[in-house]
Amino acid sequence: MKAVVALRYGGPEVLAIVDRPAPEVGPRDVLIAVGAAGLNPLDFKIRSGKAKLALPLKPPVALGCDVAGTIAAIGAEVTRFSVGDAVYARLEKLRMGGLAERVAADESVVAAKPTSIDVAQAASIPLAALTALQALRETAASTAGQRVLVHAGAGGVGSLAIQIAKKLGLHVTTTTSMKNLDFVRSLGADEVIDYTVESLDAKPRDFDAVFDSLGGDSELASIRATRRGGVVVGIGGLPDGEFARKSLPAFVRPALWLMTGKRRRAAAKAGVRFTYLFMRPDGGQLAELAGWIDAGELRPVIHRTYPLADVREAFAELERGHARGKIIVTF
């Protein structure tokens, strides 16, 4: 089968389309014939080596974690799916390789594809929507009526986070540039900050939660914008101490502690909790999201699709950072 791998750590030029054996199917696995795969910032962080402490993968590294397609085979203990079922999934963290004609996944991370959308749209959902749902409903424990700020509302994660926040009954403010103001309002944003002309610091400090996908200085601005007792959930910057203790080697933790000192001090002074989220694959939540999609309460947003042969250009476009919605590779 054809598959995309990073031959070594580096830029899009290290990507190659190679022939690989089809994956083995374990007792609880399903084999998915991939119709489309979604790209995420995590993919280029893995390819560049920036994620190797949390995901110790040795090159050549198989890339891609969001897939949609049809089940081609099932393991002996699989009970929830049959051959021929249309499905989508966020693959397990150490079993990635969704940019391939076939992938194997534990049935627990797989769900039936929403019936109202095509395979490319389905591939745009898993990681981004699961991240937003887990950030807002679980980590921030947001409740209806609360005020939430979603950064980068036109992006792949933000465009879904706005819709999920509205589904949870939240009042949503988002940041974007002028060209996307109407677009994010169409997704349900109640208030919009044009980051090219407005400063977040000029706004009242009244957010109950902030979902920050940008990292760095944005996290500090998010902390300043959050009310005392609120929470900032970060996914784009450096991990916090709890994540480091659970997931990173011991020798990394002192340096990480020093590098995140400014953020910790800012959060403590503001009386705000900062939490780093590395989402978990969850087939049950994907089934819930599929129900929202088929009910018309959540819609995928695709920036552009690329054939497998153009995967390097797909990554280059992703890394330019200006996509409206998700970038998809089709098979």
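The values are calculated or read from the model by the stated rules, or taken from the named source; none is laboratory data. This is a predicted model, so every value here is computed, not measured. Every residue, glycine among them, receives a Cβ derived from its backbone with ideal geometry; neighbour counts consider all protein chains shown.
What the table shows:
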| item | result |
| --- | --- |
| Matching residues in the stretch 278-331 - criterion: being closer than 30 Å to E13 by Cβ and among the aromatic types (F, W, Y) | F278, Y306, F315, F331 |
| Search result, residues across the stretch 172-203 that are part of a strand (DSSP E or B) and surrounded by 15 or more Cβ atoms within 10 Å (Cβ to Cβ) | V172, T173, T174, T175, T176, V192, I193 |
| Test set (1) over 26 Å from E317 (Cβ atoms); (2) in contact with a strand residue (DSSP E or B) (Cβ under 8 Å, 6 or more places away or on another chain); (3) not β-branched (V, I, T) - L91 fails condition number | (1) |
| Candidates A36, A6, A68 - the one that is over 19 Å from L130 (Cα atoms) and either in contact with a Cys (Cβ under 9 Å, 6 or more places away or on another chain) or aliphatic (A, V, I, L, M) (or both) | A6 |
| Unique residue being surrounded by 20 or more Cβ atoms within 10 Å (Cβ to Cβ) and aliphatic (A, V, I, L, M) when the list is A105, A73 | A105 |
| Qualifying residues in the stretch 204-224 (those that are within 16 Å of K262 (Cα to Cα) and aliphatic (A, V, I, L, M)) - the one surrounded by the fewest Cβ atoms within 10 Å (Cβ to Cβ) | L220 |
| Where A135 falls short, out of the listed (1) farther than 24 Å from G216 by Cα; (2) touching a strand residue (DSSP E or B) at 6+ places or on another chain (Cβ under 9 Å); (3) modelled with pLDDT of 95 or more | (1) |
| Of all residues making up the stretch 98-131, the number that are under 16 Å from G26 (Cα atoms) and either modelled with pLDDT under 95 or touching a strand residue (DSSP E or B) at 6+ places or on another chain (Cβ under 9 Å) (or both) | 8 |
| Residues of the stretch 234-266 classified as within 15 Å of G216 (Cβ to Cβ) and surrounded by 15 or more Cβ atoms within 10 Å (Cβ to Cβ), total | 11 |
| Test: residue in the stretch 38-52 that is among the small types (G, A, S) and modelled with pLDDT of 95 or more | yes |
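To keep it simple, each residue is scored yes or no on (1) at pLDDT 95 or above; (2) buried (at least 21 other Cβ atoms within 10 Å of the Cβ); (3) in contact with a Ser or Thr (Cβ under 8 Å, 6 or more places away or on another chain); (4) not in a helix (DSSP H, G or I).
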{"residue": "F274", "(1), (2), (3), (4)": "yes, yes, no, yes"}
{"residue": "F278", "(1), (2), (3), (4)": "no, no, yes, yes"}
{"residue": "L289", "(1), (2), (3), (4)": "yes, yes, no, no"}
{"residue": "E297", "(1), (2), (3), (4)": "yes, no, no, yes"}
{"residue": "R304", "(1), (2), (3), (4)": "yes, no, no, yes"}
{"residue": "V311", "(1), (2), (3), (4)": "yes, yes, no, no"}
{"residue": "A323", "(1), (2), (3), (4)": "no, no, no, yes"}
{"residue": "I328", "(1), (2), (3), (4)": "yes, yes, yes, yes"}
